[in-house]
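**Student:** Got a structure for you, written out below as structure tokens; questions coming shortly.
No value in this document is a laboratory result; all are computed from the given coordinates. It should be emphasised that the depicted structure is a prediction, and the values quoted were computed from it without experimental measurement. Positions of Cβ are backbone-derived with ideal geometry, glycine not excepted, and every protein chain shown enters the neighbour counts.
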Amino acid sequence: MEKLQSLRGMVDLLPEQTALWQQVEACARQQFRRAALAEIRTPILETTELFARGIGAATDVVGKEMYTFEDRSQRSCTLRPEGTASVVRAVLQHGLLSQGPQRLWYGGPMFRYERPQAGRQRQFHQLGVELLGFGDPRSDAEAIAIAWDLLMALGIGSLSLELNSLGDAADRALYREELVQWLEARRHQLDPEAQARISTNPLRILDSKSTDTQAVLAEAPLLADSLSEASRQRFNRVRQALDQLGIPYQLNPRLVRGLDYYTHTAFEITSAELGAQATVCGGGRYDGLVEQLGGAPTPAVGWAIGLERLVLLLSTTKTSDGLVQGPRPDVYLVSRGEAAELQALALAQQLRRGGCAVDLDLSGAAFAKQLKRADRSGAPWALLIGDGEIDQGVVILKNLRHSGEQRLDPQGAVKMLLAELCDAGPQSLAPQT
């Protein structure tokens, strides 16, 4: 029988890998709490129309990369390729904006059918922030600052912020007309993909991966030259706010982002430690999306971080200084013999209810083998129960990091362990490295 394997681009996260993921998620939750953000969770599966209307039918995401199918009711459904459209749909559906502006964050898996590579899979995970109902340029800077502070808290080095203004709809319409004329005059110099985009999504040509096309674009008109005075002033206020926050940035007039809903500020945070695929976080303002999905005109700004890429970066730069450390128990419970194994089961439950992390050996192997596993677990203490201990009404509390053991009555051992844990919190008995 053929061995079953995961689909290409759908990657298992094994126990030894999830420790770092959990640390990243815990750090993010802490940063989001400090920024007064509330979590929202949306379904993985949405109607296809949501993304066709929200992201844009001419984008690569909608045209080439979505996982779309019909369900049994012949409804076109799509596994979400990004989080913002789903969050906006949920906010509108449940009337959250009637309660005032919303400061939200989300996390979870997304799906895009694209070529898998390091840090980029077909099922990938994002953390995202959405500030809905905020139009002041300071909200752009605050959104960027939340992302910047998170990456700094995680210890990501060599960060760089690239910034651009896409203007409003009128600015982009004016620029699009000028750009299309310029591109048509040089169509024969562009790669086939860029040629196809002239009539569908010309702005996306600006971040083409073709070196030949990029050489042609070096002389292309700039969107900045088409910005209205109001858009220029708005962008200047964003830059002033970033200066006030001490966040360095570089202007990138070719930065357009890949989704149609962006307006005004667009940004990417990159790290030189990631090599060619340097983007860690991307986002911007999307003032037209809420209205596009059926709501009232509502300003909004947000961003998303790809966790695969972030974890890849951390796993290659932080292992040596101890950031990556898997879960370890406070106590490893060793038992042998029918009566002893039953008592060990009850003691494990009692310790866990008291806040102690307990690994209960269920192998029934010899004490020597169980103690070897106890040592490998990283637990500072082992609790041993055998038939002899049952007859005497005691357990053996063994220090796995220092020599010595004590014979105590079972409840005495439990009280001792829980008292020490309560003094300094979970895993306090584990030596610090």
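**Student:** Treating only the Cβ of Lys, Arg, Asp and Glu as charged (+1, +1, -1, -1), what charge dipole size does the chain show about its Cα centre? Round to the nearest 20 debye.
**Tutor:** Values: 46 positive and 52 negative charges, 44 e Å.
Result for the chain is approximately 200 debye, rounded to the nearest 20.
**Student:** Per 0.36 nm of contour for each residue apart, how much would the distance between Q5 and T47 grow if the chain were fully extended, relative to their Cα-Cα spacing?
**Tutor:** 12.2 nm
**Student:** Please check the chain for the longest run free of GluC sites (Glu not before Pro) that are loop-located per DSSP (anything but H, G, I, E, B) and have at most 10 other Cβ atoms within 10 Å.
**Tutor:** Answer - 3-218.
**Student:** If I stretch the segment between T200 and M152 completely, what's the gain in nm (0.36 nm per residue apart, minus their alpha carbon distance), one decimal?
**Tutor:** 13.4 nm
**Student:** Next up: Which of the residue pairs K372/K398; K3/K64; K369/K415 have a Cα-Cα distance greater than 19 Å in the structure shown?
**Tutor:** In this structure, K3/K64; K369/K415 exceed 19 Å between Cα atoms.
**Student:** Let me ask you something else. Find how many whole Å separate the alpha carbon centroid of the range 71-103 from the alpha carbon centroid of the range 1-56.
**Tutor:** A separation of 16 Å, based on Cα centres.
**Student:** Only loop residues by DSSP count here, and only those with at most 11 other Cβ atoms within 10 Å; note down the trypsin sites (Lys or Arg not before Pro) in the range 11-50 that meet that.
**Tutor:** For trypsin sites (Lys or Arg not before Pro) across the range 11-50 that sit outside H, G, I, E and B with at most 11 neighbouring Cβ atoms in 10 Å, the list reads R41.
**Student:** List the residues whose amide H sits under 5 Å from the amide H of L360, counting only those 5 or more places along or on another chain, with H placed 1.01 Å from N in the peptide plane.
**Tutor:** L333
**Student:** Now for a separate question. For T265, what residues show an amide H to amide H distance below 5 Å, using hydrogens built from the backbone and excluding near sequence neighbours?
**Tutor:** When sequence neighbours closer than 5 places are left aside, the close amide H contacts are L166, R285.
**Student:** As I understand it, the value is the acute angle between the Cα axis of helix 410-424 and the longest principal axis of the Cα atoms of the chain; what does it come to in degrees, rounded to 10?
**Tutor:** Taking Cα atoms only, the helix is inclined about 40 degrees.
**Student:** I'd like the FRET efficiency for C27 and L342, computed as 1/(1 + (r/R0)^6) with the beta carbon distance as r and R0 of 35 Å, rounded to 0.05. Numbers along the way, then the final one.
**Tutor:** Working: r = 41 Å, r/R0 = 1.17.
According to the calculation, E is roughly 0.30.
**Student:** Could you list which residues have their amide H under 5 Å from that of C77, counting only those 5 or more apart in sequence or on another chain, with H placed in the peptide plane?
**Tutor:** T48, F69, E70, D71
**Student:** May I ask you to derive the relative contact order of the chain, considering only C-alpha pairs under 8 Å and at least 6 residues apart, and to give it as an integer percent?
**Tutor:** Worked out over the chain, it gives 15 percent.
**Student:** Quote the FRET efficiency, to the nearest 0.05, computed for R72 versus S315 with a Förster distance R0 of 35 Å and r equal to the Cβ-Cβ distance.
**Tutor:** FRET efficiency, R72 to S315: 0.25.
**Student:** Calculate how steeply helix 137-153 sits against the longest principal axis of the alpha-carbon atoms of the chain, using the helix alpha-carbon long axis, and give the answer as 0 to 90 degrees to the nearest 10.
**Tutor:** Taking Cα atoms only, the helix is inclined about 40 degrees.
**Student:** Sort out for me the Cα centre separation of the range 359-387 from the range 204-224, rounded to whole Å.
**Tutor:** So the two Cα centres are separated by 63 Å.
**Student:** Among Q31, L96, P15, whose Cα lies farthest out toward the positive end of the dipole of the range 1-96, if unit charges sit on the beta carbon of Lys, Arg (+1) and Asp, Glu (-1)?
**Tutor:** So the residue we want is L96.
**Student:** Just to confirm the number: angle between the C-alpha axis of helix 15-34 and the first principal axis of the chain, 0 to 90 degrees, nearest 10?
**Tutor:** So the helix axis and the longest Cα principal axis differ by about 60 degrees.
**Student:** Using unit Cβ charges (K, R positive; D, E negative) and no other charged atoms, how large, in debye to the nearest 20, is the dipole of the range 1-144 about its Cα centre? Before the final figure, lay out each step's value.
**Tutor:** Details: 18 positive and 17 negative charges, 18 e Å.
That gives a dipole near 80 debye.
**Student:** First measure r as the distance between the Cβ atoms of D387 and E420, then evaluate 1/(1 + (r/R0)^6) with R0 = 25 Å and state the FRET efficiency to the nearest 0.05.
**Tutor:** E between D387 and E420, to the nearest 0.05, is 0.35.
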